[in-house]
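Only one structure is covered here, and it is reproduced in the block below.
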Amino acid sequence: MNKGEFVEALADRLEVPRAQAERALAGVLEIVSEELVKGEKVAFTGFGSFEVSRRAARTGRNPQTGGTLDIPESNVPKFSAGATLKAAVNAVKGKR
């Protein structure tokens with residue numbers, strides 16, 4: 001499912017115009033992004049949580065040349081699924 005399909009499904013579920021659903025989704029994503037930029041954790045009980053994790057500097061390898069290169073430290077967004085989401089996904093495991 002891509003963003004457009006998600007917005008369409010959200011509009012149908014909420015029985016609102018597509019434009020309103022698109023604004024609602026954009027608002028949620030903006031808030032999550034802003035909180036992560038501030039270093040805060042965003043948690044939705046049962047669904048999961050978003051947080052920022054620091055990735056340490058390390059030495060990597062260029063696969064084409066085999067040469068080494070320095071990879072600087074960075075912040076990366078991380079999602080951890082909640083118990084309810086994990087249970088829902090595992091409940092349909094046999095249907096794939």
- Message: Within segment 54-76, does at least one residue satisfy the condition of being surrounded by 12 or more Cβ atoms within 10 Å (Cβ to Cβ) and among the polar types (S, T, N, Q)?
- Response: yes
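Given the residues Val7, Val76, Val32, which is the only one that is in contact with a strand residue (DSSP E or B) (Cβ under 7 Å, 6 or more places away or on another chain) and assigned to a helix (DSSP H, G or I)?
Working: Val7 fails: in contact with a strand residue (DSSP E or B) (Cβ under 7 Å, 6 or more places away or on another chain); Val76 fails: assigned to a helix (DSSP H, G or I).
Every option except Val32 fails the conditions.
Conditions (1) surrounded by 13 or more Cβ atoms within 10 Å (Cβ to Cβ); (2) among the hydrophobic types (A, V, I, L, M, F, W, C); (3) in a helix (DSSP H, G or I), marked per residue:
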position: Ala11; (1), (2), (3): yes, yes, yes
position: Val16; (1), (2), (3): yes, yes, no
position: Ala21; (1), (2), (3): yes, yes, yes
position: Leu25; (1), (2), (3): yes, yes, yes
position: Phe50; (1), (2), (3): yes, yes, no
position: Val89; (1), (2), (3): no, yes, yes
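Are any residues in segment 48-87 over 30 Å from Lys38 (Cβ atoms) and not polar (S, T, N, Q), and if so, which ones? Walk me through it before giving the result.
Of segment 48-87, the ones over 30 Å from Lys38 (Cβ atoms) are 59, 61-69, 87.
Answer for segment 48-87, where residues must be over 30 Å from Lys38 (Cβ atoms) and not polar (S, T, N, Q): Arg61, Pro63, Gly66, Gly67, Leu69, Ala87.
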- Note on the structure: The lone condition Ser53 fails out of (1) among the small types (Gly, Ala, Ser); (2) touching a Pro at 6+ places or on another chain (Cβ under 9 Å); (3) not assigned by TED's automatic domain parsing to the domain that holds Ser80 is (3)
- State yes or no: is Gly46 touching a helix residue (DSSP H, G or I) at 6+ places or on another chain (Cβ under 6 Å), part of a loop (DSSP other than H, G, I, E, B) and of a type in the set (Gly, Ala, Ser)? yes
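The values are calculated or read from the model by the stated rules, or taken from the named source; none is laboratory data. Bear in mind the structure is a predicted one, so any value in this text is a computation, not a measurement. Reconstructed Cβ throughout: ideal geometry from the backbone, glycine too, with neighbour counts over all protein chains shown.
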